[in-house]
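The values are calculated or read from the model by the stated rules, or taken from the named source; none is laboratory data. Given the structure is predicted, the values throughout are model-derived calculations rather than measurements. When we count neighbours, we look across all protein chains shown, and the Cβ atoms used for this are built from the backbone with ideal geometry, even at glycine. All accessible areas refer to the heavy atoms of the entire protein, side chains included, with ligands and DNA or RNA removed. Shrake-Rupley method; radii C 1.70, N 1.55, O 1.52, S 1.80 Å.
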Amino acid sequence: MGDKPIWEQIGSSFVQHYYQLFDADRTQLGAIYIDASCLTWEGQQFQGKAAIVEKLSSLPFQKIAHSITAQDHQPTPDSCILSMVVGQLKADDDPIMGFHQMFLLKNINDAWVCTNDMFRLALHNFG
């Protein structure tokens with residue numbers, strides 16, 4: 001991993017950590033957000049650590065597994081990291097579905113936190 005730029009190392013580590021937490025116990029995800037964080041989940045807006053954790057904890061499935069297909073990371077001019085993730089997820093007995101998720105990571109007090117998070121299932125309805 002040492003040959004990758006630092007923002008790719010941090011972004012990849014964050015993505016791995018995020019989905020491990022999400023799949024094991026999503027109530028623990030509060031540790032990666034701050035009170036100013038924003039989440040857009042399938043078009044619904046949530047702001048603040050408590051509102052985000054409440055939304056993620058209340059999702060209507062018992063178990064979930066994410067599989068990451070691709071991830072891209074970029075440094076931003078204000079020293080943040082923008083990460084885009086493409087993958088598949090399986091929730092309970094539902095069919096496997098594709099998803100896209102973007103994170104904006106910021107270093108606050110020597111810890112990387114997620115200030116912005118956008119999630120969409122990769123569903124296409126051309127009806």
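Using a simple charge model, +1 on the beta-carbon of Lys and Arg, -1 on the beta-carbon of Asp and Glu, nothing else, what dipole does segment 1-48 show about its Cα centre, in debye to the nearest 20?
On the way: 2 positive and 6 negative charges, 8 e Å.
About 40 debye.
Could you give the nm distance between label points at Gln47 and Asp92, where each point is 7 Å from its Cα heading toward the beta carbon?
The answer from the label model is 3.3 nm.
Expressed as an acute angle from 0 to 90° and rounded to the nearest 10, what is the orientation of the C-alpha long axis of helix 6-25 relative to the principal long axis of the chain?
The answer is roughly 30 degrees.
Per DSSP H run of n ≥ 4, the term is -39500 (n - 2.57); total these for the chain, divide by its residue number, and report the mean residue ellipticity at 222 nm rounded to 500 deg cm²/dmol.
Estimated from H runs of four or more residues: -7500 deg cm²/dmol.
For the chain, what % of the accessible area comes from carbon and sulfur atoms, probe 1.4 Å?
54 percent
Taking the Cα centre of segment 22-127 as origin, work out the dipole magnitude from +1 charges on Lys and Arg Cβ and -1 charges on Asp and Glu Cβ, in debye rounded to 20.
Result for segment 22-127 is approximately 60 debye, rounded to the nearest 20.
In nm, to one decimal, how far is the Asn107 label point from the Gln62 one, both placed 7 Å along Cα→Cβ?
4.3 nm
Select from Ile52, Thr69, Tyr18 the residue farthest towards the positive end of the dipole of segment 8-72; place +1 on Cβ of Lys and Arg, -1 on Cβ of Asp and Glu, and compute about the Cα centre.
Selected residue: Ile52.
Using the heavy atoms of the protein chains and a 1.4 angstrom probe, tell me the accessible area per residue for segment 12-80 in square angstrom.
Heavy-atom accessible area per residue stands at 56 Å².
Give me the tail of P(r) for the chain as a percent: Cα-Cα pairs with distance above 21 Å.
I get 39 percent for the Cα pairs in the chain exceeding 21 Å.
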